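Quick note: the coordinates plus some simple rules give every number you see, no bench work behind them. What you see is a predicted model, and the numbers here were worked out from it, not measured in a lab. Note: ideal-geometry Cβ built from the backbone for every residue, glycine included; neighbour counts use all protein chains shown.
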Amino acid sequence: MTYAQIVFPIPFDKTFDYRIPDNLKDKVKIGQAVVVPFGNSIQTGYCVALADKTDIPSDKIKFLSGVIEDIPPISEPILKLARCIADYYLCSWGEALEATLPAGVRKESGVRQGIFVALDMPQDKIIPEIDRLKRLPKAQKQAHILNLLISSGGELSFQEIQKKLGISISPINSLKRAKLVRLEKRDILFDSYLSGSVTKEQPFPPTPAQADAISKIKDSLAKNKSDTFLLHGITGSGKTEVYLQVIAEAIKNNKQAIVLVPEISLTPQAVSRFRRRFDRIAVLHSYMTEGQRAKQWHNIRNGEIDVVIGARSAIFAPTKNLGIIVIDEEHETSFKQESTPRYNTRDVAVKRAEIERATVILGSATPSLEAYYFAQTGSFCYLEIPERIENRPLPAVEIVDMTQQKGEKDNTLVISKPLELAIKESLKEKEQVILFLNRRGYITLVTCPKCKHIVRCKHCRTALTYHKKINRMICHHCNTETDLPEICPECAYPNLKKLGSGTERVEEYINKIFNPKETKSVSRINRVDSDIMRLRQSGKEALDALWKGETDILVGTQMVAKGLDFPNVTLVGIISADTALYLKDFRSAERTFQLITQVAGRTGRGAKGGRVIVQTVNPQHYSIIHASRHDYRSFAAEELKYRKAFLYPPYSHLLRILMEGKDEAKTEVYGKQLAGKIKEFIGDDKDIEILGPAPCPWERIKNHYRWQIVIKSKTADFIHKLYHVYRKDFNSTSKSIRLTLDIDPLNLL
Ligand code: ADP
Ligand code: ZN
């Protein structure tokens with residue numbers, strides 16, 4: 001073949017023909033990364049086809065310059081998958097291909113050994129050190145390095161620090177002399193997830209429900225039927241055991257498995273369950289360096305791995321003979337990629353399975369309504385595990401109507417009487433308590449009772465959160481900080497109202513009730529949220545302390561809602577079940593149901609049973625009532641009725657067109673013009689609805705005004721047609737407006 005068709009990771013979905021010079025004839029293969037002249041520079045692209053003809057005249061055609069031999073060719077199925085992603089999510093083939101390769105592979109970082117820099121003192125002592133260094137004229141770089149290490153979980157390779165901060169080794173050496181960090185030379189693949197020994201374990205004899213699921217999945221596997229199973233079972237019902245047994249079967253037949261979990265639940269403990277069964281495991285997680293990920297990728301590609309465990313992007317792992325894809329906690333929003341290509345991992349998994357004739361298992365206690373609907377209507381196979389292992393009962397859930405509870409004088413009641421009593425009882429029995437609240441900080445809304453002014457971020461318009469420990473108000477979008485005003489900035493009224501509590505205030509408040517100064521009672525209270533996480537990797541210390549029984553009451557955000565089970569936790573309190581309901585999003589009921597169910601799953605795992613107390617000002621809301629009865633089916637039935645009536649997914653596909661601009665009027669005008677054209681195109685088609693243009697619920701972020709148009713269509717086809725007709729408009733926006741197209745968006749804020 002004389003010509004190669006090349007695509008580039010640019011937002012332009014087109015292939016470009018190049019002539020292959022004779023000396024590269026044997027080296028240019030389909031899927032191969034190559035370098036070619038493009039415009040005035042040399043670019044990396046991917047060969048997607050070879051041809052012996054081209055439309056380009058022979059005096060115009062350019063020659064391909066070289067082949068990147070360190071990147072093995074992308075396999076045919078992944079090329080095909082990337083093409084499908086480009087078609088569906090409206091990006092270019094090159095952009096989709098780039099998303100399938102880890103950055104370290106693309107950059108050919110083939111290093112095997114590296115120098116690692118690790119913090120060498122307890123993390124809570126580091127912060128004062130950083131502050132001290134910041135005040136020294138010549139130690140700014142050292143302070144930056146420490147900050148970077150903290151936000152990266154305590155250690156990084158020297159390479160990576162150098163790349164991120166552009167520094168030499170000398171500030172690192174100064175830190176080493178001050179005994180703040182240590183340096184270690186080791187194999188780049190060293191990974192705490194896979195280190196330490198584990199005792200091998202035999203499969204459990206399955207329960208009847210597990211056995212039924214296992215046999216159906218094995219059957220599909222044997223016949224290469226590329227079925228998708230929805231495995232619906234509450235936490236602790238034995239879903240993971242099902243995954244383990246069918247993966248063992250796949251490995252026996254020389255196939256590989258990809259197991260996808262939300263990043264937040266990707267912990268060494270979760271991985272060790274797989275290590276107890278299987279030997280050849282690769283883990284891909286965000287604490288790894290690019291070099292480590294690249295090494296793992298090559299190991300998978302070379303056929304040295306049976307089971308790949310990772311977050312979202314592991315769906316592209318280059319297995320040779322894929323048998324099974326598991327997506328655990330299928331409903332989690334982190335399975336949607338929020339940058340180009342904006343794919344949903346579930347849908348990509350189903351597509352990949354179709355191309356490679358593999359089997360997909362979606363596991364969840366609270367399936368997304370999309371997955372549930374597809375399982376009800378026959379596109380997916382529905383499997384249910386209705387009971388917990390050993391028939392452990394589900395915790396009783398009590399609803400406390402907060403409108404009926406009397407607060408303190410400032411009206412912000414944090415803990416109701418029933419919850420306070422329940423905590424007391426648990427403490428008396430030496431049992432543990434988890435209190436959950438989805439808002440960090442101390443006060444989430446500061447407002448003027450006289451002129452109704454709300455203290456907001458000047459860049460984002462969102463309300464600022466007051467953080468007491470550092471005595472500052474912070475914007476949770478852009479991290480801008482200001483002081484807490486003493487008087488209303490608008491009308492100078494002196495008594496600003498402080499509404500809405502965050503985790504920091506809940507922690508303080510329960511300290512006040514359960515450790516009053518006058519008595520010597522000691523309840524050990526701990527908190528885990530992303531403010532704390534900044535200091536300690538994954539809040540692991542806080543969870544370890546709970547596990548070891550060193551904490552009586554743990555206060556936290558959703559981080560406490562996932563993963564581990566604590567047999568001695570007998571009470572879970574949800575401080576406010578309403579946080580998601582306030583969001584202007586059609587999925588808010590679904591989120592509320594999921595949240596209560598997941599948090600409730602943290603208790604009653606041991607022999608002592610458990611109870612859950614849900615504080616809400618919406619005690620009649622169907623999501624809260626059904627969640628309190630552990631009744632997914634009734635919730636789904638009611639929610640689906642509403643989705644159908646208003647043409648929302650799973651009864652439709654959405655296209656979100658987000659327009660962001662610094663000039664409010666221009667953004668609005670642009671939105672109106674675009675909506676006008678789209679309306680014309682829709683005509684009187686009853687299967688399509690258009691919402692907007694309207695300001696997004698988050699009207700302004702980082703000085704950009706945000707408007708959106710949402711199109712609801714019974715078929716994705718219509719959305720694609722619309723895109724192709726108006727492609728020019730979508731691509732050639734005036735420079736002052738940033739346009740984002742999101743198909744099947746999960747986020748409409
Ligand atoms: P899930 O993934 O649904 O949360 P797991 O698979 O983690 O559930 O199972 C919960 C607990 O029950 C685990 O400790 C697991 O080892 C145990 N388990 C699972 N299946 C069985 C079984 N068939 N017999 C005995 N114990 C089991
Ligand atoms: Zn802001």
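Some observations on this one:
- The range 212-289: translational diffusion in µm²/s, Stokes-Einstein, Kirkwood Rh over Cα pairs, 25 °C, 0.890 mPa s: 176
- For residue 569, distant residues with modelled amide H under 5 Å away: 432
- Sorted fewest first by neighbouring Cβ atoms within 10 angstrom, 478, 451, 488 come out as 451, 478, 488.
- Counting only Cα atoms, the chain measures 90, 68, 66 Å along its principal axes, largest extent leading.
- For q = 0.18, 0.25, 0.28 Å⁻¹, Debye-computed log10 I/I(0) when each Cα of the range 452-514 counts as one equal scatterer: -0.72, -1.14, -1.27
- Pairwise centroid distance, computed over Cα atoms, of the range 700-725 with the range 618-694, Å: 11
- Each of 414, 117, 725 was scored by other Cβ atoms within 10 Å of its Cβ. Arranged with the fewest first, they read 725, 414, 117.
- Highest to lowest packing among 506-516, 652-662, scored as the average C-beta count within 10 Å: 652-662, 506-516
- Its alpha carbons give the range 315-372 an Rg and a Dmax of 11.6, 32 Å.
- Put simply, the amide H of residue 181, placed in the peptide plane, has neighbours under 5 Å in 120, 176, leaving out anything fewer than 5 places away on its chain.
- Dipole size of the range 296-402 about its Cα centre, with +1 on Lys/Arg Cβ and -1 on Asp/Glu Cβ: approximately 600 debye, rounded to the nearest 20.
- Multiplying each eigenvalue of the alpha-carbon gyration tensor of the range 426-559 by 5 and taking the square root yields semi-axes of 32, 18, 10 Å, largest first, rounded to whole angstroms.
- Beta bridges by DSSP in the chain, antiparallel share as percent, to the nearest 5: 55
- The chain: Cys lacking any partner C-beta under 4.7 angstrom: 47, 84, 91, 381, 478, 696
- Sequence-distant residues sharing a close amide H with residue 460 (under 5 Å, placed H): 702, 703
- By the count of neighbouring beta-carbon atoms within 10 Å, fewest first, 284, 97 end up ordered 284, 97.
- Positive-end extreme of charge dipole, the chain - chosen from 254, 127, 341 (charges on Cβ): 127
- Expected 222 nm ellipticity per residue - DSSP helices of 4 or more, -39500 (n - 2.57), all of the chain, to 500: -9500 deg cm²/dmol
- Using only Cα coordinates, the Kirkwood hydrodynamic radius of the range 358-423 works out to 16.4 Å.
- Environment charge at residue 655 (Cβ cut-off 9 Å; Lys +1, Arg +1, Asp -1, Glu -1): 0
- In this calculation the C-beta distance from residue 65 to residue 685 is compared with R0 = 56 Å, giving a FRET efficiency of 0.70.
- An ellipsoid equivalent to the range 603-748, defined through the eigenvalues of its Cα gyration tensor, has semi-axes of 38, 20, 13 Å when rounded to whole angstrom and sorted largest first.
- A quarter of the convex hull surface defined by the alpha-carbon atoms of the range 1-54 gives 3.7 nm² as the mean projection.
- Enclosing the Cα atoms of the range 595-667 in their convex hull gives a volume equal to 190 cubic angstrom per residue.
- Normalised by 2.2 N^0.38 Å, where N counts its residues, the alpha-carbon radius of gyration of the range 621-703 equals 1.50.
- With eigenvalues of the C-alpha gyration tensor scaled by 5 and rooted, the range 305-404, Å: 30, 18, 14
- Rounded to the nearest 20 debye, the dipole size of the chain about its Cα centre is 1540 debye, using +1 on the Cβ of Lys and Arg and -1 on the Cβ of Asp and Glu.
- For the range 210-350, Kirkwood radius (reciprocal of mean inverse C-alpha pair distance, Å): 15.5
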